[in-house]
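Asks: Here it is, the structure, as structure tokens.
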Amino acid sequence: MAATRTQLSQAYPIGSRVDEDGRLQIGGCDAVELAREFGTPAYIVAEDDLRARAQTFVEAFRARTSDFDVLFASKAFPCTAVYRVLAEEGIACDVASGGELALALRGGFDPARIYMHGNAKSVAELRFAREAGVGHIVIDNADEIERLEAVVGDGPPQPVLLRVTPDVRGMTNDKISTGQADSKFGFSMADAPAAIARVTRGPGGGRLDLVGLHMHIGSQILELDPFRRAIEAIAPLGDFGTYNLGGGLGVAYTAEQEPPRIADYVAAKVDTVTRVLGPGKRILDEPGRALVANSTVTLYTVQSVKRNVSTWVAVDGGMSDNLRPMLYGAVYEAQVADRFGGGTPVKVVGKHCESGDVIVRDAELADPRVGDVIVTPATGAYGHAMANNYNGVPRPPVIFVSQGDARVVVRRETYDDLFARDVD
Ligand code: PLP
């Protein structure tokens with residue numbers, strides 16, 4: 001993408017701009033100065049963007065229904081400071097493991113507004129959820145019903161939702177598609193009636209209180225019709241008070257991608273629930289990436305520019321800080337942070353010992369040189385979440401920026417951290 005000085009791709013955080021000298025400013029901070037101060041690679045999070053998107057979701061729901069909750073699907077960015085900001089904005093939370101539950105509690109979420117997911121929850125995780133007072137547990141499979149009933153024992157009944165797969169797919173990568181009948185998540189439409197009967201009338205003796213259904217058809221969905229069809233598909237399963245409709249709203253990773261507006265996504269879901277399932281339903285939604293992806297950019301420093309058939313711009317991070325291109329061919333864009341514009345077609349590649357460690361396959365950079373700071377936008381979702389230590393590379397820091405101030409909320413890992421779990 002060849003950005004001009006006045007036009008910045010929508011993949012960047014709200015409030016970002018390229019100044020008159022062609023330098024990227026995020027949250028009022030100069031990207032190259034951030035790189036100098038905090039080092040690279042680094043995740044730079046525009047706090048105001050996080051807050052604005054949370055508010056947009058809440059306002060969009062409030063405009064159409066009085067009985068709703070917006071849950072942060074925290075798998076997308078499980079970082080205490082992010083949990084804290086979204087809790088402050090009045091958002092509820094979805095966790096997919098005991099670890100995410102621990103982070104959500106530390107980030108200040110009211111346990112009553114936490115929803116626990118997982119297709120393989122252990123007894124220890126279910127006990128932790130009960131002890132913490134988690135409001136709702138989402139039952140994913142038949143084995144979990146008995147396991148949870150045993151954990152509940154003679155205690156107060158546990159409110160639960162039952163996860164179903166409506167057999168509707170959005171146009172998205174197989175690896176992030178979840179709503180098909182043959183899925184590792186949830187009960188198929190064929191199996192759901194028996195599971196509903198088992199939870200409500202089975203031998204568990206009322207230990208579980210089934211308040212409604214949950215579904216999630218997949219991620220990075222850029223059209224609204226699959227969401228409508230999924231709601232229509234689950235209607236025959238019965239009349240429930242609560243419907244959790246998952247997340248799935250796609251985001252712009254590049255200037256070319258046109259995701260639906262949050263307000264249109266919310267309208268499509270709420271209006272379809274009212275039309276198909278009836279008025280007065282409690283509607284829950286679990287956006288992950290749509291809340292956090294565009295809040296963040298990653299900064300790298302160029303280590304080498306090599307020309308053979310292609311021009312290879314090698315940076316100081318890669319698949320250890322952004323696994324998505326390697327995992328499912330995810331597409332990103334890149335720019336030189338103080339020389340926006342195109343000119344040279346390049347491959348931006350990482351430092352890892354894998355040929356597949358390519359961060360941006362088709363970038364256009366303005367005459368890239370060793371020492372330049374490279375920026376890739378839209379790395380807030382599943383970047384920090386999937387960061388790893390491949391090749392012994394320490395994980396990057398998370399830096400919050402707002403109105404010209406920058407603060408470290410997660411420090412950079414050190415080599416000592418790499419030894420921290422050794423026992424001798
Ligand atoms: N809810 C559930 C149950 C999920 O499995 C996921 C992602 O896999 C999400 C929410 C978040 O999806 P997204 O990040 O696409 O909004």
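Asks: Where residues in region 313-355 are touching a residue at least 12 places away in the same chain (Cβ under 8 Å) and either of a type in the set (S, T, N, Q) or not assigned by TED's automatic domain parsing to the domain that holds A35 (or both), which of them is surrounded by the most Cβ atoms within 10 Å (Cβ to Cβ)? Lay out the reasoning, then the answer.
Replies: The first filter runs over region 313-355 and keeps only residues touching a residue at least 12 places away in the same chain (Cβ under 8 Å), leaving 313-354.
With either of a type in the set (S, T, N, Q) or not assigned by TED's automatic domain parsing to the domain that holds A35 (or both) added as a condition, the list becomes 320, 322, 335, 344.
Details: S320: 22, N322: 28, Q335: 32, T344: 15.
In this case the residue turns out to be Q335.
Asks: Let me ask you something else. For region 221-235, which residues satisfy the criterion of being assigned to a helix (DSSP H, G or I), farther than 18 Å from R282 by Cα and free of Cβ contacts under 8 Å to residues at least 60 places away in the same chain?
Replies: Those that are assigned to a helix (DSSP H, G or I), farther than 18 Å from R282 by Cα and free of Cβ contacts under 8 Å to residues at least 60 places away in the same chain: D225, P226.
Asks: Identify the residue in region 291-330 that is over 22 Å from L34 (Cα atoms) and within 16 Å of the ligand (Cβ to nearest atom) and, among all such residues, is nearest to the chain's Cα centre (by Cα). Walk me through it before giving the result.
Replies: Our first condition is that a residue be over 22 Å from L34 (Cα atoms); within region 291-330, this holds for 291, 305-312, 323-330.
This time we only want the ones that are within 16 Å of the ligand (Cβ to nearest atom), so: 291, 323-324, 327-328, 330.
Numbers: L291: 7, L323: 13, R324: 12, L327: 15, Y328: 15, A330: 14 Å.
Checking each candidate, the answer is L291.
Asks: Right, something else. I need the full set of residues from region 69-81 which are surrounded by 21 or more Cβ atoms within 10 Å (Cβ to Cβ) and away from the ligand (no atom under 13 Å from the Cβ), in order please.
Replies: The answer is C79, and nothing else.
Asks: Mind listing whichever residues of region 338-350 are within 25 Å of the chain's Cα centre (by Cα) and either part of a loop (DSSP other than H, G, I, E, B) or over 17 Å from T298 (Cα atoms) (or both)? Before the answer, list the steps.
Replies: To start, the set of residues in region 338-350 that are within 25 Å of the chain's Cα centre (by Cα) comprises 348-350.
G350, the sole residue that qualifies.
Asks: Find the residue count for region 245-262, including only residues that are near the ligand (Cβ under 8 Å from one of its atoms) and not aliphatic (A, V, I, L, M).
Replies: The qualifying residues number 4.
Asks: Can you list the strands (runs of 3 or more DSSP E) found entirely within region 368-424 that contain at least 3 residues being within 20 Å of G107 (Cα to Cα)? So that I can check it myself, show each step before the final result.
Replies: Details: elements: 373-377, 398-402, 405-410.
Here the list reads 398-402, 405-410.
Asks: While we're on this one: Which residue out of F72, F61, F77 is in contact with a Phe, Trp or Tyr (Cβ under 6 Å, 6 or more places away or on another chain) and at pLDDT 95 or above?
Replies: None of the other options fit; the residue is F61.
Asks: Residue by residue through region 308-367, note down the ones that are closer than 26 Å to E20 by Cβ and of a type in the set (K, R).
Replies: R339
Asks: When you scan region 279-290, how many residues do you find that are over 10 Å from the mean Cα position of the chain (by Cα), within 16 Å of the ligand (Cβ to nearest atom) and either part of a helix (DSSP H, G or I) or not β-branched (V, I, T) (or both)? Walk me through how you get there before you give the answer.
Replies: Looking only at region 279-290, we keep the residues that are over 10 Å from the mean Cα position of the chain (by Cα), and these are 279-285.
Still in the running and within 16 Å of the ligand (Cβ to nearest atom): 283-285.
Imposing the further condition that a residue be either part of a helix (DSSP H, G or I) or not β-branched (V, I, T) (or both) reduces the set to 284-285.
Matching residues across region 279-290 total 2.
The values are calculated or read from the model by the stated rules, or taken from the named source; none is laboratory data. Model, not experiment: these values are computed from the prediction. Neighbour counts run over all protein chains shown; Cβ positions are idealised from the backbone, glycine included.
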